[in-house]
Amino acid sequence: DQAHLDYKRTIFSKFLCGMLTLLSVFVGVMVFLLVYVFPSNDLSMVDVGIQKKVNTAVESDIAPAPLTNAEMSTDIITAPLATTDTPKVRRQKGITAVLSKYSGSSPFVDEATPQSRALNWILHDDEQRLNVPSPNDDIETYLLLQRYTMATTFFSTNGEKWSSQLWFLSEKSCCEWHHIDQEGFFSGSGRCDDFGRVTMLALWENNLVGNLPLELGYLTSLKVLSLYGNELDGQAPQTFVNLQNLGTLYLHKNKIEGDFDFMCDNEINNLRADC
């Protein structure tokens, strides 16, 4: 029995030694791998590189890279200006700017002036809803100025009490603001050319009271301007010198003062005035 017990102890000791040997070998292999095959610095660099890639990807998703100076300059030049103006406001500003070139800006400060009332009508009440003229379109600019000038003349000469309002301030074109009586006499504005520019303005004996607006002198397509037999006063606007196409000017039977010497070079064939 004692011999058998000693035999078992010998076998167990050998087994235990074998296991310890295998464990030692395993530990040695792991140490070898960690020291020579996978150094700790390389692993950390791999980890850091992976982390950098992750961080870069995340940052690119969250925020773009900062712009260079050249890119910033380009963006400043090409980026549209931020504006809160509505189309209605832009139209008001654009039309006012165009008409200010002829009337000046001061008449628009006071809402009671004929110019301000005419502008207000153009912007808000005129059913034709004219747009801001294109910068290089002289015809569009002229037609806007023409309609505004007709309205200014209406308000400047107490148009509400004219004997006949002749379609003034209606939705019709200025070419249609007139009446021809049974005897064939023309009253109002019309006889337009192919571009819609009025060539005749005849408001004779129609109870016009007040001053002639300077804007009339910018209607350079006028050939006939007949305003006799009214209650017009003041002086003829100096802008009348611009009416180079005018062949007939009737201002007699009014209260207009001054003279027309400034129009001597206009070569008006038919000029009648009391001053």
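The values are calculated or read from the model by the stated rules, or taken from the named source; none is laboratory data. What you are looking at is a predicted structure, and each value in this text was computed from that prediction instead of being measured. Glycine also receives a Cβ, built like all others from the backbone with ideal geometry; neighbour counts cover every protein chain displayed. Calculation scope for accessible area: heavy atoms of the full protein, side chains included, ligands and nucleic acids excluded. Shrake-Rupley method; radii C 1.70, N 1.55, O 1.52, S 1.80 Å.
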Q: Determine the alpha carbon to alpha carbon distance for each of Lys88/Lys172; Lys101/Lys161; Lys172/Lys253; Lys101/Lys223 and list only those over 25 Å.
A: Lys101/Lys161; Lys172/Lys253
Q: Go through region 191-206 residue by residue and turn each phi into a ³J(HN,Hα) via Karplus (6.51, -1.76, 1.60, θ = phi - 60°); whole Hz please, and just put x for glycine and proline.
A: 6, 6, 7, 5, 9, x, 8, 5, 10, 9, 10, 10, 10, 5, 6, 10
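Just the number, please: carbon plus sulfur as a percent of the accessible area of region 124-265, 1.4 Å probe, no ligands or DNA/RNA counted. All intermediate terms of the calculation are to be shown ahead of the outcome.
On the way: 3010 of 6800 Å².
Result for region 124-265: 44 percent of the exposed heavy-atom area is carbon or sulfur.
Rounded, prolate or oblate: pick one for region 236-275, where a ≥ b ≥ c are the square roots of the eigenvalues of its C-alpha gyration tensor, a/c under 1.5 means rounded, and failing that, prolate if a/b is larger than b/c, else oblate. Don't skip to the end; give the middle numbers.
Values: a/c = 1.99, a/b = 1.37, b/c = 1.45.
Verdict is oblate for region 236-275.
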Q) What nm value, rounded to one decimal, do you get for the distance between Asn270 and Asn207 when each label is placed 7 Å out toward the C-beta? A) 2.6 nm
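Roughly speaking, what is the stretch gain from Leu22 to Thr96, that is 0.36 nm per residue apart minus the C-alpha to C-alpha distance, in nm to one decimal?
Values: separation 74, 0.36 × 74 = 26.64 nm, distance 9.97 nm.
Fully extending the segment from Leu22 to Thr96 adds 16.7 nm.
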Q.
Give me the one-decimal nm value for the distance between modelled label points at Asn131 and Gln235, 7 Å along each residue's Cα-to-Cβ direction.
A. 4.2 nm
Q) For region 219-275, what is the accessible area per residue in Å² when the probe is 1.4 Å? A) 52 Å²
